[in-house]
Amino acid sequence: MKQTKLAIIGAGGLTGKELTRLLAHHPYFQLVHITSNQVDGKHIREVFPDQSHLPDLVFQKHDTPVPADTHIVLATPNEVSLEKAPEFLNQNRKVIDLSGTFRLRNQSKFEAAYKFKHTKFEWMDKVVFGLPELFREKIKQANFVSNPGCFATSAILPIAILGNLRNQISGPVIVDAKSGVSGAGGRTEEIQFAYTHVYENFRAYKILSHQHEPEMEEYAFVGSDQKEIHFTPHLLPVYRGILSAIYIPFAKPVESSEIQEKLQSVAEKEPFLRLYKTPEEVELKKVQNTNFLDIGFRVKGNTLAIVSALDNLQKGAAGQALQNLNLMFGYPETEGLV
């Protein structure tokens, strides 16, 4: 079978590295072009010496022409994706964007969350939000997919799969999430992400102001009554993984059996969604280096508590991007991920 050619724009970061590793073993994709303005001119094996079976490629600058018949993964900052995504789409290439640039469908909410002006908002009519469990059929037909955020994925899926039970939610949903330091993407030079600051430390950041909060609100309640989400992320002294505790208030007491039936009916059909018997069984070790999202729950009166866990570099970024690529090009959804 002829392989589909791919380019990763911004392949020098942690997400780019993860996707490069996944693609190296994929039977249907061929990585033919990688860019990074930080390490241009260096061989991929020099930049990622701990990885095996990598293609024989040298990093180019972002503005280096991409070979013909090659489709695009953007692992770039928001401002770069804003310019590059329309450019590549106009060249009749399929594009997956891992930045947050094309996730929010309300321009004022986007600009408030991301702190810069969106000058290409007309492209929002052409983009599909890349959460396969919710939008699988649309992704299969898409030329342009916006990959969800890592924190957003950890909260949207557990809430969305509650289905019509979401209409009984009585107030704001609380999302209390903890992430490893690789969630910063691998390029930050801020002291709070340095090893010496993170080691033996634990803190909250962007309290009620993280850019993934409006993303959660927009997609967790698709097809139901809209609700507020109050989200606070925390930084764990670990490398990879996100664990989220989600507290959902209902107007009246809910039955554990009803929640179990609803979640199980979805999980048994989804290749990367695993439902545990108790929330205490959900932990980072079980999802690290996998594309799984694990969930467990408990009910107490009017409150449903769901614990979710995922690998922020896999289901939260590169793994989910590959899952979307498989769907976009008609390959088995789990190819290269299990």
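Only the coordinates and a few stated rules stand behind these numbers; no lab work does. In this text, all values refer to a predicted model and were calculated from it rather than measured experimentally. Here the Cβ positions follow ideal geometry from the backbone for every residue, glycine too, while neighbour counts run over all protein chains shown.
Summary value for the chain: 17 percent relative contact order, contacts being C-alpha pairs under 8 angstrom separated by 6+ residues. Under 22 Å of direct C-alpha separation, and excluding same-chain neighbours fewer than eight residues apart, residue 2 reaches these lysines: 94, 140. As a rough footprinting exposure proxy, the listed residues 40, 311 were ranked by other beta carbons within 10 Å of their own, and the order from fewest upward is 40, 311.
Note: relative contact order over segment 101-227, using C-alpha pairs below 8 Å and six or more positions apart, is 31 percent.
For the listed peptides 251-258, 264-271, a ranking on the average number of other beta carbons within 10 Å per residue, highest first, reads 264-271, 251-258. In the chain, taking the dipole from charged Cβ atoms about the Cα centre, the farthest positive-side position among 74, 256, 310 is held by 74. By the beta-carbon count within 10 Å of each Cβ, the least crowded to most crowded order of 119, 303, 101, fewest first, is 119, 303, 101. Applied to segment 298-311, the Karplus parametrisation 6.51 cos²θ - 1.76 cosθ + 1.60 on θ = phi - 60° returns per-residue 3J(HN,Hα) values of 8, 10, 9, x, 8, 10, 10, 10, 10, 10, 10, 9, 8, 8 Hz, with x for Gly and Pro. Taking Lys and Arg as +1 and Asp and Glu as -1, the other residues whose beta-carbon sits under 15 Å from that of residue 298 total -3. Phi angles of segment 65-71 translate, via the Karplus equation with coefficients 6.51, -1.76, 1.60 and θ = phi - 60°, into HN-Hα couplings of x, 8, x, 4, 6, 10, 9 Hz per residue; Gly and Pro are given as x. Taking amide H as placed 1.01 Å from N in the peptide plane, the amide H of residue 71 sits under 5 Å from that of 5, 6, 7, each at least 5 places away or on another chain. In terms of surrounding Cβ atoms within a 10 Å radius of their Cβ, 124, 216, 328 rank from fewest to most as 124, 328, 216. Amide H to amide H distances under 5 Å link residue 66 with no residue, where only residues 5 or more positions off or on other chains count and H is placed in the peptide plane. Restricting attention to segment 151-311, the count of lysine pairs at 8 or more positions apart or across chains with alpha carbons under 18 Å apart stands at 12.
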